[in-house]
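Chemist: One structure, pasted below without further comment.
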Amino acid sequence: MWARLEEIVRDKTKRRCIRELLERVLDQYGERIRSYPAAVEIHHNYAGGFLEHVVSMSEAVLHYSARFPALDIDLLIAGAVLHDIGKLEELSGPVGPTYTTVGNLIGHVVIGRDILREVASGIPDFPPTLLMLLEHMILSHQGQLEWGSPKRPKIPESIVLHFVDDLDAKLNRALRIIDNSSSQGDFTERDYHLGRPMFQGDYDDQPQESPPNPTEPLSAEQFEDPGPEERGGKGQSFLFEPQG
Ligand SMILES: [Fe+2]
Ligand SMILES: [Fe+2]
């Protein structure tokens, strides 16, 4: 996966300054990028999860770049690689991470912008407008002000980045709760972060000669409306991990 990330940065970026910026970040943070989780709890919360999340998002933005050629591929790739880079200082380590002091007080969105500015300052004549747009990609990736973004996405590339990020996180969560479910019925236990149980029954009908699988009725609490906060509605983001 690391080799694929290096390949995307080397072969898919167009501007030399963007390639150099990303190669410097991979050099400087490579060990942590390869080993850290992407979050304490919600998604990709295991050693190596950070790299998995970044590579998955890089592949996704390549898809959207091919589908919508007007999009700036450099901003998309840099956004995928850099959007969560602040988590490498927000989280305490690869295994059983907690929030660091700077993670609690500043948070990964702003830490990430600081890292970007620091690395870009070492590249002579880095174009200032491009740097501002890269900062916007990081600062807006959580999508909504109340979800921890100082700014909402205001360029097409940052809209792509936000939705690809949200989709990758939610898919990782949904697939893991189905894999790890201890419920015997057609549905998993209700997941706190998704605010719902997931269907885990068969997608294909059983052959006629086989008796149907017995399914347990849903318990009331599996489908009880948890209220807007836990539904991921207004005021609650899936990507925004509430910190103590
Ligand atoms: Fe994030
Ligand atoms: Fe992310």
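Bear in mind these aren't lab numbers, they're just calculated from the coordinates by the rules spelled out. Quick caveat: nothing in here was measured; it's all calculated off a predicted structure. Positions of Cβ are generated from backbone atoms using ideal geometry, with glycine treated the same way; all protein chains shown enter the neighbour counts.
Chemist: Could you compute the FRET efficiency for Y46 and N104, with r as their C-beta to C-beta distance and R0 at 22 Å, rounded to 0.05?
Modeler: 0.50
Chemist: How high is the FRET efficiency from E189 to A66, r the C-beta distance, R0 45 Å, rounded to 0.05?
Modeler: Efficiency, rounded to the nearest 0.05: 0.70.
Chemist: Do any trypsin sites (Lys or Arg not before Pro) in region 129-205 lie in a DSSP loop with no more than 13 other beta carbon atoms within 10 Å, and if so, which?
Modeler: Listed in order of number, the matching sites are K154.
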